Structures are given as structure tokens and as C-alpha cells.
């Protein structure tokens, strides 16, 4: 790793703040077109691979182990790629630039707001059927009913906040570029297995188990960030959010905290999260988007303060 200097610290802060505020603000203020969705060739290959590995003639424990092994391979390859990039850029200031670019590329605050605005746009101009089709295109199946669509959208955005905003930045702060790319590879693999075409088989459950173990700390942190920033969002309930964040189970991420903050019920029949209203409105989705925006800003400010303290302690 290159020696940490004030110039590299300023570069990281500038890249992070520019990516966070410029991207999120432009999405909230300027976004007017429908959210464009395109499945990548990698996702299609992962879907075919999941079907091949999840053939029912194999015992379930074998298929579950294949899912764990597949996720472990993705995590290992990402870490190796990060180590190789670190070795290639070692001793150079450009190494910090590579890390900053990777963080800016992998953090998904824009996707959260783009999806929320797209659902509001479709509900207003095209109706619930088009909004439900959009959610299916991003891997979330729901009925073409307004309340169900808003529930599914908020739940998906909460998932993206934990897995696509809090976790990548946490991984970069703790383990640098190797851990960042390792988490990104593991999360992209799981997204490819979470499609309807891939099914709900044992391979997917095995990959989900390793993903939950690897992301336990950042997922808990995402819930606490939402609970802490709920006090800054009008209409949210920070105490209920904090209590729900502590009661949340592994794998739920920021969902309990968001449901508590908005006083709504998220999830689906048989797996409800929260004890509030089940009939959600467009105003609830807008409050959720504001909660994620404030949460992203607060999380970035917290990490920047920690970096300043570490820099000061290092002399």
C-alpha cells in the first residue's frame, strides 16, 4: 500500500463527497425518464449455472454445499483481483485513486433514487401494471396492486442501501480494495441467483447463507444508520426504528429499521417485517427515499470523521 498522505486523503474525500451528493442530488432533482433495465450477459450465465447446479436428482445438502462453494469462489476471486490491483499500483499515489474510483463505481446510491423515481413515474403515467413489470425486471416479483408495489419498492431500496451503499464503503474502509472487490463479486453473484428464472433452490440458499455471514456487520450497521437518521426526516419514528433495528434477524438488513421509521409493514405474506400500516402510499416511498439520502450523507460524514481522527492520530 502507498504511504497515506494528506493529498491521498483529500482525494478520497473529494471523490466520495462528489459521488454521493452530486449523483444523489442530480437523480432527485433532474431525473424524469423511466428507469432503464437491462440484464447483463453475466446475470444470464449465472441463471443458467444455478439451474445446472440445482438439479433435483442431487441431494439437497450437496446442492446447498455447491451454493456455499460457488459464493466462496466469487468472494475469493474478488479478493485476489483486489490484491493484484493493489500490487500493480503499490507505491504510487494512483493506488488511492483506483480505490476511490472503485468505491464510486460500486456504491449504488444512484440506483436507489433512480428506482424510486421510476416507480413513482410509472404509477403516475402508466399505472400499476407497468410499475409491477419494472419491479419484475429488477428481480422483484409483486402483484400489480399499488400498496404491494410501494411495499416491494421500499423493501428493495432498503436492501440496496445495505448491500450497495453501506457494505461496499464499510468493506473499503476495513479491508481496502481487496475486501471491496470481494464483497462486490459475492453480492453480484447473489443478485444473479435471485432472479425468478434461477428459482428458489438449495444452491441459492447456500449462496445466501455465506452472503449473510459475510455481511452481518454492515447489514446491522445499515439498520442503525437508518434508525439514527430517522430523527432528521419529517414523519419518521426514530425510537421505533432503533428498537426494530435491534430486533431484526440475520438477513433482514435495514428492512426492520426502515419499517419502524416509516411505521409500515414491509415484506410479503408469510414473511412480514414491521407492525405498522400495510397500505402504503406514494408519500411513504418519498419519505423512504429521503431517509436513504440523509442516511447516505450521515454515513459518509461519519466515515469522514473517523478518517480525520485516524489521520490526526497518525500524526
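Note on residue 98 and residue 309: the extension gain reaches 73.7 nm, defined as 0.36 nm multiplied by sequence separation minus the Cα-Cα distance.
Which order do the peptides 118-128, 145-155 take when ranked by the mean count of other beta-carbon atoms within 10 Å per residue, highest first? Display every interim value, and only then the final one.
On the way: 118-128: 16.8, 145-155: 22.1.
By packing density, highest mean first, the sequence is 145-155, 118-128.
Could you work out how far the C-alpha centroid of segment 244-278 sits from that of segment 111-173, in angstrom? Centre-to-centre (Cα) distance: 16 Å. With 0.36 nm allotted per residue and the present C-alpha distance subtracted, the residue 231-residue 77 stretch has 51.4 nm of extension available. Placing a pseudo-label 7 Å from each Cα along the Cα-to-Cβ vector at residue 279 and residue 61 gives an inter-label distance of 5.0 nm. The length gained by stretching the chain between residue 174 and residue 88 to full extension, at 0.36 nm per residue less their Cα-Cα distance, is 28.9 nm.
In terms of its C-alpha gyration tensor, segment 40-313 comes out oblate, because a/c is 1.5 or above while a/b does not outweigh b/c.
If R0 is taken as 30 Å, the Cβ-Cβ distance between residue 205 and residue 137 corresponds to a FRET efficiency of 0.80. Using C-alpha pairs under 8 Å with a sequence gap of at least 6, the mean separation divided by the residue count of segment 40-313 gives a relative contact order of 24 percent.
Please sort 180-186, 281-287, 110-116 by packing, taking for each peptide the average over its residues of neighbouring beta carbons within 10 angstrom, highest first.
Numbers: 180-186: 25.1, 281-287: 16.4, 110-116: 21.9.
So the peptides 180-186, 281-287, 110-116, ranked by packing, come out 180-186, 110-116, 281-287.
Each reported figure results from applying straightforward, stated rules to the coordinates on display, with no laboratory input. All values derive from a computational prediction rather than experimental measurement. Using ideal geometry, Cβ is built from the backbone for each residue, glycine included, and neighbour counts are taken over all protein chains shown.
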